[in-house]
Amino acid sequence: MKTLEEYLLFLESKGFSFGEDAVGFIYFGKAYTNAADELINTAIECTLKIQKHFDGSFYMSLLERFVKAQVKTRKEALRYLKEEQLFPL
């Protein structure tokens with residue numbers, strides 16, 4: 001599992017450019033929800049796949065839903081999205 005910092009660097013190496021505001025928002029979401037890096041990374045990944053770009057409010061909404069549903073892992077998050085019909089897998 002990658003740390004949040006490693007994941008952001010990985011995404012940047014793949015061509016995803018995050019502005020300072022987006023990175024700040026990502027870290028705000030992490031602090032606000034106290035979620036583990038795996039869940040943060042999954043919320044970022046799903047946001048990019050669903051929205052085709054980083055959308056801070058969408059990311060935050062996903063993260064809050066994951067935390068409220070007590071989702072802990074990437075696998076649980078993807079299952080949750082499928083069950084809630086939020087993300088076509």
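Annotations
- Inside the range 54-80, residues that are within 12 Å of the chain's Cα centre (by Cα) and more than 19 Å from residue 30 (Cβ to Cβ) make up a count of 1.
- Criterion applied to 47, 33, 42 was being of a type in the set (S, T, N, Q), under 19 Å from residue 73 (Cβ atoms) and surrounded by fewer than 18 Cβ atoms within 10 Å (Cβ to Cβ), and the one residue passing it is 33.
- Contacts under 6 angstrom Cβ, first residue in the range 29-45 being within 12 Å of residue 2 (Cβ to Cβ), partner of a type outside the set (Ser, Thr, Tyr), 6 or more apart: 37/4; 38/1; 38/74; 40/4; 40/30; 42/74; 42/77
- Matching residues in the range 36-53 - criterion: being outside any helix (DSSP H, G or I) and either at pLDDT 95 or above or among the charged types (D, E, K, R) (or both): 36, 52
- Residue match in the range 61-73 (condition: crowded, with 17+ Cβ neighbours inside 10 Å and in contact with a Cys (Cβ under 8 Å, 6 or more places away or on another chain)): yes
- Whichever residue in the range 12-35 is charged (D, E, K, R) and part of a helix (DSSP H, G or I) and, among such residues, is nearest to residue 63 (Cα to Cα): 30
- The single condition among (1) among the basic types (Lys, Arg); (2) at pLDDT below 95; (3) more than 21 Å from residue 1 (Cα to Cα) that residue 72 does not meet is (3).
- Matching option when the condition is in contact with a Gly (Cβ under 7 Å, 6 or more places away or on another chain), in a helix (DSSP H, G or I), hydroxyl-bearing (Ser, Thr, Tyr) and in contact (Cβ under 8 Å) with a residue 24 or more places away in the chain, among 59, 7: 59
- Considering residues of the range 75-89 that are within 21 Å of residue 3 (Cα to Cα) and of a type in the set (A, V, I, L, M) only, the residue surrounded by the most Cβ atoms within 10 Å (Cβ to Cβ): 77
The values are calculated or read from the model by the stated rules, or taken from the named source; none is laboratory data. Since the structure is predicted, the reported quantities are computational estimates derived from the model, not experimental observations. For neighbour counting, all protein chains shown are included, and Cβ atoms are generated from backbone atoms with ideal geometry for every residue, glycine included.
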